[in-house]
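To start, the structure itself, in structure tokens.
Values quoted throughout were computed directly from the atomic coordinates according to the rules given, and no laboratory measurement underlies them. Just so you know, these numbers come straight off a predicted model, no measurement behind them. Backbone-built Cβ (ideal geometry, glycine too); neighbour counts: all protein chains shown.
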Amino acid sequence: MARIFNPSPEQEEGWREFVQSRPESVRLVAARFEPWSLYRLPNGQRVTIMSFGEQEDGTVTLRVAVTAEFNAVLFERQVFGINPDDLTSCDLPSPDERVGSMLTEVEVVENLDALRVMGRPDLWVMNADGHAILRETP
């Protein structure tokens, strides 16, 4: 398992205190993850843990960050609703591995309609005005 930084003793103690202060369902999941470690999604992307969310049915999901520091991505983002069982610990990218982001946050905002259509053509279509709109469902 790769650590993205080495925590201080105070940070480690703070994490233990945080985990112990959570509701039981969150505590059981949070105890399996360190905020200073790197994890891999089934699609191969490396992620860091941002937060834990307890759903109404008691299940716990994660919000993770997909960053250009550890991945080759079109743009950086945070993804919510991740099943903790889908994450595995992983190593840092190798020195010869390509990482980085193709688009800045400003470019994403400026091109959001085109990105929606490119990324999910099953959901989005470009209208005559050049704006992405949801496809009509039959």
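Please list 3J(HN,Hα) in residue order for the range 100-110, calculated via the Karplus relation 6.51 cos²θ - 1.76 cosθ + 1.60 where θ = phi - 60°; whole Hz, with x for glycine and proline.
Karplus values, whole Hz, x for Gly and Pro: x, 10, 7, 10, 7, 4, 5, 5, 4, 4, 5.
Grab the beta carbon distance between Glu54 and Glu13, set R0 = 30 Å, and tell me the FRET efficiency rounded to 0.05.
The calculated FRET efficiency here is 0.80.
As a check on your grasp of the helix formula, calculate [θ] at 222 nm for the chain: sum -39500 (n - 2.57) over DSSP H runs of n ≥ 4, divide by the residue count, round to the nearest 500.
-7000 deg cm²/dmol
Per residue of the range 114-125, in order, report the coupling 6.51 cos²θ - 1.76 cosθ + 1.60 (Karplus, θ = phi - 60°) as ³J(HN,Hα) in whole Hz, putting x for Gly and Pro.
After applying 6.51 cos²θ - 1.76 cosθ + 1.60, I find 5, 5, 4, 5, 5, x, 9, x, 6, 10, 10, 9 Hz.
Build a GNM of the chain with springs between Cα atoms under 10 Å: which of Glu56, Glu17, Glu76 gets the top mean-square fluctuation?
Comparing Glu56, Glu17, Glu76 in the GNM, the peak value goes to Glu56.
Between Ile133 and Val108, what FRET efficiency follows from the Cβ-Cβ distance if R0 is 25 Å, with the result rounded to 0.05?
0.85
Can you compute the charge dipole magnitude of the chain about its Cα centre, using +1 on each Lys and Arg Cβ and -1 on each Asp and Glu Cβ, nothing else charged? Give it in debye, rounded to the nearest 20.
220 debye
Mind listing the phi-derived Karplus ³J(HN,Hα) values for the range 16-24, rounded to whole Hz, using 6.51, -1.76 and 1.60 with θ = phi - 60°, and x for any glycine or proline?
Result, ordered by residue: 4, 5, 4, 4, 5, 8, 7, x, 3 Hz.
Taking 0.36 nm per intervening residue step and subtracting the Cα-Cα distance, what contour gain separates Met126 from Glu97 on full extension?
Answer, rounded to one decimal: 6.9 nm.
Compute the semi-axes of the equivalent ellipsoid of the chain, taking the square root of 5 times each eigenvalue of the Cα gyration tensor, and list them largest first in whole Å.
Here the semi-axes work out to 33, 21, 12 Å.
Of Gly14, Gly100, Gly119, which is the most mobile in a GNM of the chain whose springs link Cα atoms less than 10 angstrom apart?
Maximum among the listed residues: Gly119.
Below 8 Å between Cα atoms, with a sequence gap of 6+, how large is the relative contact order for the chain in percent?
The normalised contact order for the chain reaches 18 percent.
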